[in-house]
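As structure tokens, the structure follows; a few thoughts come after it.
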Amino acid sequence: ELNGEASAVFKATFEPAPVTWTTEVYPAEATGDGAVTFPASGVTPASGTVSAIAVDSEHYTFDHWERNGVSVGTNKILSAEAEEPAEGETSVIYKAVFIEA
């Protein structure tokens, strides 16, 4: 018994986890040479449309963007809606792929 009651009902309220915007540079050797600017490589809270810019360097040239391993374009400026991972995805990672110059 709980305070004279025969049963109790507990209610839990859940909120969706915040969406994050994750960027990476490939190959890793291109980091700091070829690079991603805003947001910098890493995880950034995201809402609405988020953009990232791939920057060429002396040794690496931007080739394309990938979302979870699938090419999504060759424009150096990536602009996408912050969204929950699609069915079957556990996260969303955008990768700037560079090739040696």
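The values are calculated or read from the model by the stated rules, or taken from the named source; none is laboratory data. Everything quoted here is computed from the prediction, not taken from an experiment. No Cβ is skipped: glycine too gets one built from the backbone with ideal geometry, and neighbour counts run over all protein chains shown. All accessible areas refer to the heavy atoms of the entire protein, side chains included, with ligands and DNA or RNA removed. Shrake-Rupley method; radii C 1.70, N 1.55, O 1.52, S 1.80 Å.
Listed by position, the strands (runs of 3 or more DSSP E) inside region 1-75 whose residues that are closer than 20 Å to residue 101 by Cβ, among the polar types (S, T, N, Q) and modelled with pLDDT under 70 number at least 3 form an empty set. Listed by first and then second residue, the pairs with beta-carbon distance under 8 Å, at least 6 apart or on different chains, first residue in region 73-97 and without any contact (Cβ under 8 Å) to a residue 24 or more places away in the chain, second among the small types (Gly, Ala, Ser) and open to solvent by less than 100 Å² (accessible area, probe 1.4 Å), are 76/54; 85/91. Within region 83-99, the set of residues being at pLDDT 90 or above and surrounded by fewer than 17 Cβ atoms within 10 Å (Cβ to Cβ) comprises 99 only.
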